[in-house]
Amino acid sequence: MSDATYANQTAYLRTTPAPAEPPPALAQGPVAWARQNLFSGPVSALLTLASIAFLVWVIPGLVRFLITDAVWHADSGEVCRANQGGACWPFIWAKASFFWYGPYPESQHWRVDLVEVVGAALIVWLLWQGAPKRNVAALLFFVAFPILSFVLLRGSDWLGLPVVTTDLWGGVLVTLLVSLVGIVFSLPLGVLLALGRRSKLPIVNAICTGFIEIVRGVPFIIVLFMANFMLPLFLPEGWTPDRLLRPLVGTALFAAAYMAEVVRGGMQAMPKGQYEGAASVGLGYWQTMRLIILPQALALVIPGIVSNFISLFKDTTLVAIVGIFDFLRTIETAYNDPNWTSPTTSATGLITAAAFYWVFCFGMSRYSQGVERRLRAGRRH
Amino acid sequence: MKPDGTLTMSAVAASPAARTGSDYAVELAGVHKWYGAFHVLRDVNLRVRKGEKIVICGPSGSGKSTMIRCINRLEEHQKGNIVVNGTELTNDLRRIDEVRREVGMCFQHFNLFPHLTILENCTLAPIWVRKMPKKDAEEIAMKYLTRVRIPEQANKYPGQLSGGQQQRVAIARSLCMNPKIMLFDEPTSALDPEMVKEVLDTMVSLANEGMTMLCVTHEMGFARQVADRVVFMDAGEIVEMNTPDQFFSNPRHERTRLFLGQILH
Ligand SMILES: Nc1ncnc2c1ncn2[C@@H]1O[C@H](COP(=O)(O)OP(=O)(O)O)[C@@H](O)[C@H]1O
Ligand SMILES: [Mg+2]
């Protein structure tokens, strides 16, 4: 209806139906895409050009260092010493087993392999959203797997497996172990601390708040030192906790304090109506938390939780400070080997370490995005 | 003025057993409540017989929600006695659980659990509170979902339903616990106009089946149709109480007349 017709009509009745029309022609194709996304205005065009220039400047250097100018095959550091401009990959091949197992006795490496394969399989089963019987996977992973791992890795004369004490554990094995224990314990501990901090019972509240604030207010290194030196003091006379166990406890407690605050944030966001809906059908406190509040609150803060996991994974490099031989420490030890000294050995080692940490962290990040997408799709509100 | 006066008694005279205590589903006697220094409920006295339907109205902020929420202990009263189905509400957690199992409640904003399907919303409490096997719980849930006429939505999530459908799910969820008493706190005021009727129809059919109901609402047509008594609250007090006929045609208190004048036109 045009303005003219509108102006002299006070009553109107539609006599013919308005037909559905297709939307105005959409711009399509690569040129249209580029115009819309890369050159939509002078600022965006300038940014696009600057980014291209930056990539042109950086990428060739990286390609040269990592690939074209790198040494790929050599039996010792000689070739690398002669080659100043590229990575020294033979160093990585030669030390790969040391990176993976640390000083774990070579004849017993199969025990580590077995634990890692079983662990990886269980994790895939557990995290794969469409997998059947994931509760069985959970049971195996959280109960059977830790026992199996401990028995296999440490060994026992009674089973005919030579004992390998924890000071011989190292490399990727230890990094994964510390991270996994940290991740597995920090979430439930964090949830309990968050519940405690929101509790109306004054003593529970004070203990949880105090714990969270103290741990969060202290550098991780100090927590590790305290776990190392103070844990034995809390245990009965004659009990010395294993030297690997101490930083494990420290890591889990440290991560739990951060986790608690993330979880509490999610619980804070739950509307009061959810508690009231639960109460009105007769659910008790623990049932309300477990069935109503936590599933929603945790889903809401998945990005924060995974952020914490990622930080935790990288922070495990700090356990080296209390004498634990983690992956980064094996890299450091290896590039100080005089056989392999060359101008680029340490850089090669550190790039390898960076790639290792990145792959795991990126994997966690992507997985969490997938979970979020699934949750959003399922609920649609 | 004692609200639970002779008038009420004459209104219930048809029932011979009205005077024995066990006949009351809900009894509030001299109930007071404060929020900090704010006196929100002042000497509230109300007795609701089994099977009786009470409609509660009054201006916003007069304490209607607070009163009805005291009955299932979502709010705690500080003075007086509340006896629900023969159980006196005290700080004893077991008694609170006992009362909540017998009392269903529907809220203005439904308060469904958005992470669970409609069916799971309905079976959750029977399974975890009544310890019912999942199969039986689902059977009962489907029965009530059919009664509120949305069995086909059972596997959707609350966010995918309209407001009217969500409120009907909320009613079904309460019914699955087989409550003796149902509380409604403005169940239709958050709904679009065209959905009010479907919810009211559900409530009417519930009333016709003999459920004891306390219902905060300003749907006066509903009050006329099903209420045994209409309670008018203002400033934390019960100001007037009467049969719907008398209440609407012959309001006796000045404040009631003022209120009815505001909402009936
Ligand atoms: N949790 C609370 N804390 C403090 N004041 C409250 C709280 N809940 C309600 N009130 C106050 O109590 C009065 C009665 O509230 P309410 O029972 O919700 O009234 P109604 O349902 O009749 O509108 C209002 O003035 C409200 O502001
Ligand atoms: Mg209200």
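Here are some notes:
- Among residues of the range B:92-133 being acidic (Asp, Glu) and farther than 20 Å from B:LYS156 by Cβ, the one that is nearest to the other protein chains (Cβ to nearest Cβ) is B:ASP97.
- Residues satisfying the stated conditions in the range B:61-91, i.e. closer than 22 Å to B:MET233 by Cα, of a type in the set (Val, Ile, Thr) and either within 14 Å of chain A (Cβ to nearest Cβ) or in contact with a Phe, Trp or Tyr (Cβ under 9 Å, 6 or more places away or on another chain) (or both): B:THR66, B:ILE68, B:ILE71, B:VAL83, B:VAL84
- Between B:GLU237, B:GLU198, B:GLU186, the distinction of being among the charged types (D, E, K, R) and away from ligand 1 (no atom under 15 Å from the Cβ) belongs to B:GLU198 only.
- Any hit, the range A:226-233, residues being in contact (Cβ under 8 Å) with a residue 40 or more places away in the chain, more than 13 Å from every other protein chain (Cβ to nearest Cβ), out of contact with any strand residue (DSSP E or B) (no Cβ under 7 Å at 6 or more places or on another chain) and polar (S, T, N, Q): yes
- Remark: A:LEU294 falls outside the filter, which requires a residue to be buried (at least 19 other Cβ atoms within 10 Å of the Cβ), at pLDDT 90 or above and farther than 30 Å from A:ALA74 by Cβ.
- The single condition among (1) away from chain A (no Cβ under 14 Å); (2) more than 16 Å from ligand 2 (Cβ to nearest atom); (3) of a type outside the set (Asp, Glu); (4) under 14 Å from B:VAL55 (Cα atoms) that B:ILE181 does not meet is (1).
- Qualifying helices (runs of 4 or more DSSP H) (wholly inside the range B:31-142; at least 3 residues being away from ligand 1 (no atom under 16 Å from the Cβ)): B:93-102, B:118-128
- Candidates are the residues of the range B:35-54 that are within 14 Å of ligand 2 (Cβ to nearest atom) and open to solvent by less than 20 Å² (accessible area, probe 1.4 Å); the one that is farthest from B:MET241 (Cα to Cα) is B:VAL40.
- Selection status of A:ARG35, farther than 30 Å from A:VAL172 by Cα, among the basic types (Lys, Arg) and surrounded by 11 or more Cβ atoms within 10 Å (Cβ to Cβ): yes
- Scanning the range B:230-244 for residues that are in contact with a helix residue (DSSP H, G or I) (Cβ under 6 Å, 6 or more places away or on another chain) and closer than 23 Å to B:LYS79 by Cβ gives B:PHE232, B:MET233, B:ASP234, B:VAL239, B:GLU240.
Each row is one residue, and each column tells you yes or no for (1) surrounded by 11 or more Cβ atoms within 10 Å (Cβ to Cβ); (2) hydrophobic (A, V, I, L, M, F, W, C); (3) on the phi < 0 side of the Ramachandran plot; (4) touching a Pro at 6+ places or on another chain (Cβ under 7 Å).
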site	(1), (2), (3), (4)
A:ALA53	no, yes, yes, no
A:ILE59	no, yes, yes, no
A:ASN83	yes, no, yes, no
A:TRP89	yes, yes, yes, no
A:LYS95	yes, no, yes, no
A:PHE98	yes, yes, yes, no
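- Selection from the range A:230-263 of residues that are hydroxyl-bearing (Ser, Thr, Tyr) and either more than 12 Å from A:VAL322 (Cβ to Cβ) or not assigned by TED's automatic domain parsing to the domain that holds A:ILE324 (or both): A:THR240, A:TYR258
- Any pair with Cβ under 8 angstrom, 6 or more apart, that starts in the range A:105-118 at a residue that is farther than 15 Å from A:LEU177 by Cβ and open to solvent by less than 90 Å² (accessible area, probe 1.4 Å) and ends at one that is among the polar types (S, T, N, Q) and assigned to a helix (DSSP H, G or I): A:HIS109/A:SER97
- Residue in the range B:55-86 that is surrounded by the fewest Cβ atoms within 10 Å (Cβ to Cβ), counting only those that are near ligand 2 (Cβ under 10 Å from one of its atoms) and among the charged types (D, E, K, R): B:ARG69
- Screening B:GLN165 with (1) open to solvent by 20 Å² or more (accessible area, probe 1.4 Å); (2) within 12 Å of chain A (Cβ to nearest Cβ); (3) under 22 Å from the mean Cα position of the chain (by Cα) gives one miss only, at (2).
- Residue match in the range B:146-159 (condition: in a helix (DSSP H, G or I) and within 12 Å of another protein chain (Cβ to nearest Cβ)): yes
- Test: residue in the range B:170-177 that is farther than 18 Å from B:MET203 by Cβ and either within 14 Å of another protein chain (Cβ to nearest Cβ) or among the β-branched types (Val, Ile, Thr) (or both): no
- Identity of the residue in the range A:261-273, part of a helix (DSSP H, G or I) and open to solvent by 10 Å² or more (accessible area, probe 1.4 Å), that ends up nearest to the other protein chains (Cβ to nearest Cβ): A:GLY273
- Exactly one residue out of B:PHE222, B:PHE247, B:PHE259 is touching a helix residue (DSSP H, G or I) at 6+ places or on another chain (Cβ under 7 Å) and over 30 Å from B:ILE127 (Cα atoms), and it is B:PHE222.
- Of the residues making up the range B:202-226, those that are touching a strand residue (DSSP E or B) at 6+ places or on another chain (Cβ under 6 Å) and either under 19 Å from B:GLU27 (Cβ atoms) or among the basic types (Lys, Arg) (or both) number 6.
- Residue check, A:GLU332 open to solvent by 40 Å² or more (accessible area, probe 1.4 Å), within 18 Å of A:VAL172 (Cβ to Cβ) and either in contact with a helix residue (DSSP H, G or I) (Cβ under 8 Å, 6 or more places away or on another chain) or modelled with pLDDT of 90 or more (or both): yes
- Search result, residues across the range A:351-381 that are in contact with a helix residue (DSSP H, G or I) (Cβ under 8 Å, 6 or more places away or on another chain) and either open to solvent by 80 Å² or more (accessible area, probe 1.4 Å) or more than 21 Å from A:PHE65 (Cα to Cα) (or both): A:PHE360, A:CYS361, A:MET364, A:SER365, A:TYR367, A:SER368, A:VAL371, A:GLU372, A:LEU375, A:ARG379, A:ARG380, A:HIS381
The values are calculated or read from the model by the stated rules, or taken from the named source; none is laboratory data. What you see is a predicted model; the values in this text were computed from it and never measured. Because the Cβ atoms are built from the backbone with ideal geometry, glycine has one as well, and the counts that use them run over all protein chains shown. Remember, those area values only see protein heavy atoms, side chains included, never the ligands or the DNA or RNA. Shrake-Rupley method; radii C 1.70, N 1.55, O 1.52, S 1.80 Å.
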